[in-house]
Each structure stands twice: as C-alpha cells, then as structure tokens.
1. Of a type outside the set (A, V, I, L, M, F, W, C), within 30 Å of A:H403 (Cα to Cα) and in contact (Cβ under 8 Å) with a residue 24 or more places away in the chain: is that true of B:Q148 in this structure?
2. Just give me the residues in the range A:169-220 being of a type in the set (G, A, S) and in contact with a His (Cβ under 8 Å, 6 or more places away or on another chain), in sequence order.
3. Can you name the residue in the range B:254-274 that is in contact with a Leu (Cβ under 8 Å, 6 or more places away or on another chain) and assigned to a helix (DSSP H, G or I) and is also nearest to B:Y243 (Cα to Cα) among such residues?
4. Identify all residues within the range A:275-322 that are within 26 Å of the chain's Cα centre (by Cα), facing chain B (nearest Cβ under 10 Å) and not in a strand (DSSP E or B); write none if there are none.
5. State which residue is surrounded by the fewest Cβ atoms within 10 Å (Cβ to Cβ) when the search covers only the range A:7-21 and only residues that are among the acidic types (D, E) and either assigned by TED's automatic domain parsing to the domain that holds A:K57 or in contact (Cβ under 8 Å) with a residue 24 or more places away in the chain (or both).
6. Restricting to the range A:152-163, what's the tally of residues that are touching a helix residue (DSSP H, G or I) at 6+ places or on another chain (Cβ under 8 Å) and not in a helix (DSSP H, G or I)?
7. Looking at B:D32, is it more than 13 Å from B:R98 (Cα to Cα), within 14 Å of chain A (Cβ to nearest Cβ) and either in contact with a His (Cβ under 8 Å, 6 or more places away or on another chain) or not β-branched (V, I, T) (or both)?
8. For residues in the range A:172-187 being in contact with a strand residue (DSSP E or B) (Cβ under 6 Å, 6 or more places away or on another chain) and surrounded by fewer than 23 Cβ atoms within 10 Å (Cβ to Cβ), which is modelled with the lowest pLDDT?
Number of protein chains: 2
Amino acid sequence: MTESNFQAIGDKRFRNIPETEDLIKQVGERVDAEGAVHVIRNLKNVAFIIIRTFRDKFQVVLDGENLKMLDQIQEGDFVRVRGNVVESRAAYKGVEVRAEEVERLSGPKEQLPIKLGSKKLDMNLNTKLDERVLTLRHLNERAIFKLQEGVVRAFLEYLQGNGFTEIHSPKLVEAGAEGGANIFSLDYFGRKAFLGQSPQFYKQFMVPVFGRVCEVGPAFRAEKHNTSRHINEYTSLDYEMGYIDSFRDIMSMEVGFLKHMIKMLKVHYAHELELLNVSLPEIDQIPCMRFDEAKRTISQHFGREIKDEHDIEPEEERLMSQYAAEEFGSEFLFVTNYPWKKRPFYTMRSPGDEDYTESFDLLFRGIEVTTGGQRIHDYDKQVQAMRDKGLEPDDFGEYLKLHKHGTPPHGGLGIGSERLLMKILNRQNIRESTLFPRDTSRLTP
Amino acid sequence: MTESNFQAIGDKRFRNIPETEDLIKQVGERVDAEGAVHVIRNLKNVAFIIIRTFRDKFQVVLDGENLKMLDQIQEGDFVRVRGNVVESRAAYKGVEVRAEEVERLSGPKEQLPIKLGSKKLDMNLNTKLDERVLTLRHLNERAIFKLQEGVVRAFLEYLQGNGFTEIHSPKLVEAGAEGGANIFSLDYFGRKAFLGQSPQFYKQFMVPVFGRVCEVGPAFRAEKHNTSRHINEYTSLDYEMGYIDSFRDIMSMEVGFLKHMIKMLKVHYAHELELLNVSLPEIDQIPCMRFDEAKRTISQHFGREIKDEHDIEPEEERLMSQYAAEEFGSEFLFVTNYPWKKRPFYTMRSPGDEDYTESFDLLFRGIEVTTGGQRIHDYDKQVQAMRDKGLEPDDFGEYLKLHKHGTPPHGGLGIGSERLLMKILNRQNIRESTLFPRDTSRLTP
C-alpha cells in the first residue's frame, strides 16, 4: 500500500466555491457549486432546492427526468451541484441553477429536528443555545458571527495601521489584574494558577517594548451573577498606547476604530447587515461627560435619586445613554473621570483632583462596552497607590518591575467584543452574540 | 472641577512617531520623535544618544550648550526629542538628529541592571526569561515577537483570502479533544471544567456553518515533561475546511500559507530578519513520505533499528528532516498516513487500508510543527471509531451532534505558532520564541 517516496505537494489555486454574487456574473455558464441542502420544495412537476452556501444561498431547479434526484437527497445534506446558471425573476437575486446533477456528499443521520429554512428560529434562547451545533446553521444565526469576524478584523486593521503590534499573552497567570473573587483558579503542577481576567499586566509590559500594542483573546471572569449582560468567558479587544499626552488620546483612537469598523461592516458585511436588519450607529464626535456631572445630570433630568455616589448602576447607564441620544443626538457617550475609589490600583489619578481618575467608560445604546484610562507609570506613585488601596506591593513584584525599569506615559482600554456586537445588533442578551456562551449554568456545547 | 457637558471627542490623525526609515526622508527637516534612551555615549565634547523607537533605533547628537541636557537623562528613560535631521555617514543608516531639546517623559526607578544596548544579551535562557519584563526591550528579543505578529497576520490574511471565516471558540470546555491526562481542570461553579487542548471540536462544529473556518488562540496542555520543544500554553493556528476531496487539500492549503508567510516576512519584516540574521526556508513543493515508508527509509539509510512501529521518536523526526534536506533539497517534509493506533478517534481511516489514516504531520528543520488530517464525517463510522478506541460514545453527546446533524467531508490542521517561529529562527528552545512561556516550573512573569 505504499506510494512512491518522491511525491510532493504544492499549493493550489482552490476553485472558488461560488456564492450567489458569483452566479450573477456567470449567467449562461456551467458551474460546480457545493453547499448544504437548506430547503426542498417539491411541486410535483418541478422542484426547487435552496442551497446554503458559505455566506448566502441560491436556488436549484429540477424538472423532468431530473426530479428523480430528489430520491437521493434530503434537507440537511451536503451536495455538489452541477448545472447551468440561468436568469430567473422569481428566484433569489434573479438567478438559479438548472441542475444536471446533484451529488450527495454526506448528510445527517436522521431528519433534522428543526427547520433551518424557516425565516426565524421559533424557539427560546435556552433551546437555541442548547442546540447551538445545529441552530448556528440558520442563516440569521451564522450572520451574527460573520459580523463578529468583521468587528475583530476592523480592530486589528485599524490599530496595525496606527503602529500597534499584535501580541499573544498568556492566559495562565499567577495573579489577576482585577483582583477580587471574580477569578477562576486551578492547580498548576502543584501550585495555584489563575485564568487571566484581562491581559492588563502583559499589555502594559509590552508598552516599553513596542510602544503601542494590541491583543484579541479570551478573558475569564468568575462572576456568579447570571445576567443578560455578563458571560464568564469573552473575547476581549485590548490595546495599550505609549507616549500619550492624556487619556483623551486613548479615546480618540477608539473613535477612530469605531468609525473604521462601521465603514468596514458597511462595505464588506452588507449582506449580513441586511439579513439581520441592522441599523448601524453613526459617529462623528462622541460626546463626553464627567462621571460626577453625568450622575447629577441624570438625577435632575429624570428625577432620580443618587444612591451610590461612586458607581454607576446599570439603570443609570441606560438613562445616560438616553440623555446622550436626546441631547447630543449620539448613540455613544464617553463618561470620564471615574472616582478613584471605584477604579483599579493602576489607574492614574487626575492631577490636582485626586479623588478622581484619568479614566473613562464608553456607553453604547444603554450599556458600557469599554473601560479604559491612563495608567500610573511612576514607580513610587504606583507603590503608594497600592498602599492606598490596601494592597501589599510585595504581592506585585513582577508587575512592579514594569515601573522599576521604567515605562513611558501610557494608557489603554478593553472592549468586550460580544457586548459591542450585541448592541450593534440591538439585542437584549449577550448570549445572542456569543458563539458558544459560558455562564454559571452553561459549559456546553 | 467639572468641565462642560458639551465636550466631545473625535478621532484624530495621530502624528506618526518617526522610525529611522522616516528620518531618511526627512533630512533637513525638524522632527519630534519619541523613544527610549537606549545607549548614551558621552565623549565630553560631543555626546551620542541612541534612541530606541517602536521598531528600530536612531542617533541623536548633543554638543556645546546642549551637553547640559545629559544631566537630565539616563539610559532607560523615555524621552521626546526635538531637533533637525541631518545626514551623517558615521550614524546608523546615515542619518542623525541634532537635538535642540531632549525632554524626559519618564524613566526607571534606578539604574537598569542590564545593558540593553549590548549587541547580545549575555545571560542564560532562564535568567533571560526571569527578567522578561526588561529583556524583551532588547532589540533582538523584541524582533522575535514582531516576527510572531507577521506569522499570525500571514495566516489570517491567506486564509481569509481563501474564503475562511475567523472564529473565537471557548477555552473553558466540558471535555478535551485529545483526551488523556494532558489536560488542566478547574472548578467551574461546582462542576468540573477543562482548558481546551485545541479548538478541534469547535472548529469542526463550524464547518457546516461557514464551510471553512480558522482560529488563532491559546491552547493548553498539562504535559508534565519539561523539554526544549514543549510549553504548557501556546498560540495555536487552526483551520478546518469543508468539501475537501482528500486530506491532500489540507496540505495544499498549508503550502499556500507557508509561501504567503515567507513572502510577507520578506516584504514587511525585512528589518527583523536582518537583525536576527534569519535564513528563511525556500518552498516550491513539499515532499511527502508515507509514515511506514519514512520509518523504513530512515532505518535503512541511517542504519537505525525501528523501536516503535506505530510512532515517530523525536530523533527519527530529526533524521527524516535530514533525509528530506539531503535527498529532496527541502527543509520541509510531509509525513502522511499515520497508523490509526496513534491518531485521535476523529481521524479518518484510509479507504481499503484501515490500519492507516488520512492524516499527516509537517516536519520543519527537524521537528513536527503541524498535525492535521481528514476527519470522520459519518455518524455511524464515528460511533464505531470511538468504540474501536475503547471510548464510550455517550460521553461525546455534544460532539456527536455534529455527525448526527450532518457535516460535509472535511479536515484541518493545527500549527504551533511558537514552534514554527522557533524553527524559522533556527533556535533550539521553544521558550526563545514564546513571549511569556509557561512550563512546569514557570508561571511568571
């Protein structure tokens, strides 16, 4: 059974598996097209098969002798279709393939339990997530994650264009960046390790190395509350920028990314936007309100008592967003200068106003999608800040090497990509925009 | 201390922080340039400062009155330099900046314990890794991770150009894809969870959804042996392709990626390649040998006894690579059709030759950098294969939904990016090409 020693493999121009847009340009030609049998409509004298392609769908027509092929295929099968592309007013996008051959490549063990061809998946969220392996094949479900690709691509493309280097930092760590109980721990060869809550320390380590760095990777939070806006593992979009003049540089870079993202989605993901009926936000400038002013304004405007002076409740975020939409015509709002009490130990305090910080959140359509700010770069100030927070600097030996060896003035942010996508889609639950969500009760599929 | 409600932040064309290549085009002009004080050479009447930029370095000259500025700065500081760009034969790349002002922005707490400006870091690997926060600032060290960026960019760019969709799958999982004891476990809200050994199941889930998918993300292996080629967390480059005709399609796609990567590194990372004196491999076609033939050939050619008929030892990998270099003039070698005994339960057996599989490894300069192959797509065959491996199909309920609901003929591979990079650099230890390595004794920094 052995073959010759001297065989070799080269690269290959893979045949483009045709999408509907390609078929439009191939009217009158013969094509080979692979895809899934999405829907079969058998009208006795003629049958239509909707083929699900990588991104879209097209129609195949069978009649006469060819109707016999229907005996060989069922919905859910994977096939190779050979035939002629013809114009057809009634068909999706005005083209269809008159099949000469529909070759079955593989298929399901038994009839699929749900109709993937229905316009909407008529089931509750839990069932949809339980059956993710199947439900992701629905055109609308998969479109969500095609858009996720676009968000991530836009992020990397914009930042690389601005001199950022992409890094890949470890997720097994000795200590969490955020501290607290919201951290997963595990046994690591006899010692305790944690799962990174964010790449915070590592991206900061890389600022004196590359000047500007970014990362796309998983972040883990052991939060015990199961809400519509929290998941326990998410895809974090992070960057960290050296040589900044103020934390406003971080915000400007984010505005640039968001504009780039919107443009990229419009150009390269128009199909998915249309399918999901997405109304993209518009951005020119993003209005800013100081934390304390935002709290006060909301309180006055909506006649609502301030309960916690140092934090913003979810309902306040919603009202601030509503206020920004009404007053500034913006679906985005930067809330800046959060109280020192509520920000992590590495946050830079505002010069001359030490109860507040050089930090911000970005609210979008009612919820926070970004947290960022300038970091402390001076060693003595960082040690003092740890003490002010009741932390022991000796517990942060590795982290403090950053400051001991020096680092330029810098800051950065983290964006929860699933949250951002959830609000782009105007959905109410982050699980809708998470490929395989992890929460307190969900570890599968 | 509050500002107006009505401030807003827009995007901003950030000033390009000049690199040496920019300065060459700016001779005669005034520049502002940020960077780190890499080396100070004080010759009394004149002083030279080497500034480390984001990717390169340039020389600043101080003389006359300006020499006083030296009192304000030390090696390791971060500065903003203002001055005129002039030609200078003696300077690096023929340009230097005659400084009018060197503004210190920040700096180390005390004198740096190592000379970052030395040509090579004169320390053993362990010390270098212990002091990673500092040693990564060395020009040669950081160049390695700039190249990592290039490898990852080339991977995503090539695959997206071939119709792959990038996905982000969960790393907290219910079961490992590779099984065995090499898996980290943790408590997940009262139940047992694992850290993904590979995105295997998830990328397979996505084949019927998008047809072709890829992912760049961390993979975790709890291997207890501390060797020069193993780490316990690595950045895995994965893809999975539907509608393949044979596992050779997977290999062709990889050859295409490798060619694209080499081209991209040459064009966009020439600076780092030169700095590290990297000799890139050349690829036209990659020779292939069947597993059994490769074993036999090596045994005969090198007069070496075959100890284990079903597996390849590291020394055999090395000899196979050596053989491929000598006989075929190739630094790469595909070894194909591994025995079923040694491949995971999802591997497709070779039709008519059931002791072997439709699988391959790619060897590069002596070690395996890729494992891949065609997967079983038929439900009954997958159930039988599990039983043949002594596994209980009921333990794989979620995974088997893929086959139950149907999936096209498909296959894929996983590339260890740090291993690939290690061999591109011709280094002997994978820790050299890992940003912050994790092994049995190393969890920090």
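1. In short, yes.
2. Selection gives A:G217 alone.
3. Once the filter is applied, the top-ranked residue is B:E254.
4. A:I283, A:D284, A:Q285
5. A:E21
6. 1
7. Spelling it out, it is not the case that B:D32 is more than 13 Å from B:R98 (Cα to Cα), within 14 Å of chain A (Cβ to nearest Cβ) and either in contact with a His (Cβ under 8 Å, 6 or more places away or on another chain) or not β-branched (V, I, T) (or both).
8. Out of the qualifying residues, it is A:G176.
The values are calculated or read from the model by the stated rules, or taken from the named source; none is laboratory data. Quick caveat, the model's predicted, so the values are computed rather than measured. Cβ atoms come from the backbone with ideal geometry, glycine included; neighbour counts cover every protein chain shown.
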